[in-house]
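Below is one structure, written out as structure tokens; the observations come after it.
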Amino acid sequence: MISRREFLQASLAASAILTGAGLGPWSRLAAQQRLTQDQLLAFPDFGNVTLIHVTDIHAQLRPVWFREPEINLGVGEAKGRVPHVTGADFLKLYGLTPGSPEAYALTHQDFVALGRAYGRMGGLDRIATVVKAIRAARPDALLLDGGDTWHGSMTSLLTKGQDMVNAMNALGVDAMTSHWEWTYGTRRVHDIVDALPFPFLGANIFDVEWDEPAFAPYEIFERAGTRIAVIGQAFPYMPIANPGWMFPEYSFGLREERMAQLVDEVRAKADLVVCLSHNGFDVDRKMAARVRGIDVILSGHTHDALPEPVLVGQTIIVASGSHGKFVSRVDLDVQAGRMTGFRHRLIPIFADAIAPDPDMAALIDAERAPFKARLEEELATTESLLYRRGNFNGTWDDLICQAILSERDAQIALSPGVRWGPSVMPGEAITREALMGATSMTYGQCYRTEMTGDRLREVLEDVADNLFNADPYYQQGGDMVRTGGLGYRIDVSAPMGARISDMVLQSTGEPIEPARSYVVAGWASVNEGTEGPQIWDVVESHLKKIGTVRIAPNDSVVIAGA
Amino acid sequence: MKLSRRETLVLGLGGLAALTLPLPATAAVDEAIAAFTGGAPLGDGGITLTAPEIAENGNTVPVAVSAPGAVAITLLASGNPVPGVATFAFGPAAGSRMAATRIRLAKTQDVIAIAKLENGSFVQAKATVKVTIGGCGG
């Protein structure tokens, strides 16, 4: 692996120095600079308020490989706009050099080769170093966690999120909001929240029975004489996208009117209004245009990493990526109750360049120790890069679908289009930890059932509309359901119910017949009482049989209308 | 007593008629609107309909409607086999002209609220509520 010295020829952006609306290229000025911890942390202090944003860490305590999406299509007004810009277009948009550390961190191109040069990213011990350094410069900085924190790894599943709770408490979070946290169920969420040393915010979480707010909607922090209101917005489609029966006491939803009311309410009490959001980027952009008075939206859920904030009216939207790859630092100048300027940096957490914080490293080791042998057991070796992120099947999904078809003796496999799950590099062993990183959840049963061709089409249409509805308020985030054994054509710009066509059963090459039944197996059903072995056991069994993984290119989905 | 075609069918065939409605859904909605407004034009504004963008449970979708100055508000589920949901009447002593209830939605559709105001005019508001299979959130 690369040493810190080898980074010296590489360049990484110093922050674009942004005040007001002057959004410039991220980093052209940094070509001669060195990729060292000092350079990664360089940030000329600005203004009188500092926000630190992390989001969607998905329980990744340790550094990961994570390939950003190649295909991330925007529809309607979002078409061709960030975050729906990928690869070479993304590099061009931000003036980044192909092959540079930024290109590796932010795009999919040459991922394997660049990964070998620049190493893994993230790790909560590295994040701790960054947070401590920012706090050393700005003791009053607020650390805000956008949620999807307690879920996503084998250790988080086995400890019901406790490993992450312990780590984030040690990191010193000031407030958080939530999404996958709820998949541990109401009781577990309450047990954790009751003991949290910081508020668990959710302006849009309501009691089902009384239709009343159930959690603190906001917290007002006083920092160096400035009052900062942080409004939390949990994932709006919690009971739809995840199993509502696990938290039946609560209703979520966008609740735009309530957000507007709260912004008005806190405006009277605070100098700065921050929304800590798990809406997803397109939803946040729409909300920023419709709800006036939010200064900063710290956006999570859709896992987008943007080198610059997006400005909507007087609101800046900051998107800080996922899996611990990035930490955003936002310095703001707040005078007389107005945000008059900002400076922002999306800090890439290059694990080989940033020294681990010893205290956090020790905590992580202690959390992992009881499970170490199980985590590190090697199940197979992969010759292909395994990744998931993208609107359609990644190689991880193809592997999972192949395992389902084979182990569950099905004609068609369905696998959820979640956006989490670290990558595995070619030549690496697939450990149980890596497999669980792509599959772990509290509803991982791999069902086997029969569905008619008509029903299958309905499922594909339904998920397609959650992703490609032109109105962001009707999007749930996530990506298209992954299919094995089933090919189809999708017109992403067609209206609801008319996007899917040319469905084919790949084993025979025959068209899917609407009235005929097919044996379908899949996992992550949101229905209560779903039966079947856990998906990671299904895939593990498959891996042990095949020994070596090689994923052929997948052309089963034909995309139109993009 | 004046019976619409649909009501006649419901009377004749019982519950089955609701499932085999011979009228296109839009015709049933138009008919329900006409029954409430007598064909008067519909204005916008002055009525607020609050409904979730995506239903958490299509069997019980919370909707609220408010129209200051309304003497009656009718609520329609345009995509249901039977679009009529409820009509709320407000007397002169009503402190606020708002109503909230939970309704069942058969599929993704527009929910429509129409208020009859004290001056005899009508205003309407619409909200699209998506009813989804769910799953696969990122």
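Values for this structure:
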{"item": "Helices (runs of 4 or more DSSP H) fully within the stretch A:104-179 counting 3 or more residues that are touching a residue at least 24 places away in the same chain (Cβ under 8 Å) and open to solvent by 30 Å² or more (accessible area, probe 1.4 Å)", "result": "A:111-118, A:124-137, A:162-171"}
{"item": "Number of positions in the stretch A:420-429 that are in a strand (DSSP E or B) and crowded, with 23+ Cβ neighbours inside 10 Å", "result": "2"}
{"item": "Qualifying position, being within 14 Å of chain A (Cβ to nearest Cβ), surrounded by fewer than 14 Cβ atoms within 10 Å (Cβ to Cβ), farther than 30 Å from A:G152 by Cβ and polar (S, T, N, Q), among B:N119, B:N59", "result": "B:N59"}
{"item": "Subset of the stretch A:73-100 (residues that are at pLDDT 95 or above, in contact with a helix residue (DSSP H, G or I) (Cβ under 6 Å, 6 or more places away or on another chain) and part of a helix (DSSP H, G or I))", "result": "A:L91"}
{"item": "Candidate set: the stretch A:252-277, residues that are open to solvent by less than 20 Å² (accessible area, probe 1.4 Å) and touching a Pro at 6+ places or on another chain (Cβ under 8 Å); chosen: the one farthest from A:A234 (Cα to Cα)", "result": "A:L262"}
{"item": "Residue within the stretch B:28-50 that is within 13 Å of chain A (Cβ to nearest Cβ), open to solvent by less than 30 Å² (accessible area, probe 1.4 Å) and touching a Leu at 6+ places or on another chain (Cβ under 7 Å) present", "result": "no"}
{"item": "Where A:M287 falls short, out of the listed (1) within 14 Å of chain B (Cβ to nearest Cβ); (2) part of a strand (DSSP E or B); (3) of a type in the set (A, V, I, L, M, F, W, C)", "result": "(2)"}
{"item": "Among the candidates A:A355, A:A362, A:A366, A:A373, residue that is open to solvent by 10 Å² or more (accessible area, probe 1.4 Å), of a type in the set (A, V, I, L, M, F, W, C) and within 30 Å of A:V296 (Cβ to Cβ)", "result": "A:A355"}
{"item": "A:R329 being surrounded by fewer than 24 Cβ atoms within 10 Å (Cβ to Cβ) and of a type in the set (K, R)", "result": "no"}
{"item": "Strands (runs of 3 or more DSSP E) fully within the stretch A:452-562 counting 1 or more residues that are open to solvent by 10 Å² or more (accessible area, probe 1.4 Å)", "result": "A:486-491, A:500-505, A:517-523, A:557-560"}
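The values are calculated or read from the model by the stated rules, or taken from the named source; none is laboratory data. Keep in mind the model is a prediction, meaning the values are calculated, not measured. Counting neighbours? That spans all protein chains shown, and the Cβs are built from the backbone with ideal geometry, glycine included. In case anyone asks, the SASA skips ligands and DNA or RNA and just uses the protein heavy atoms, side chains included. Shrake-Rupley method; radii C 1.70, N 1.55, O 1.52, S 1.80 Å.
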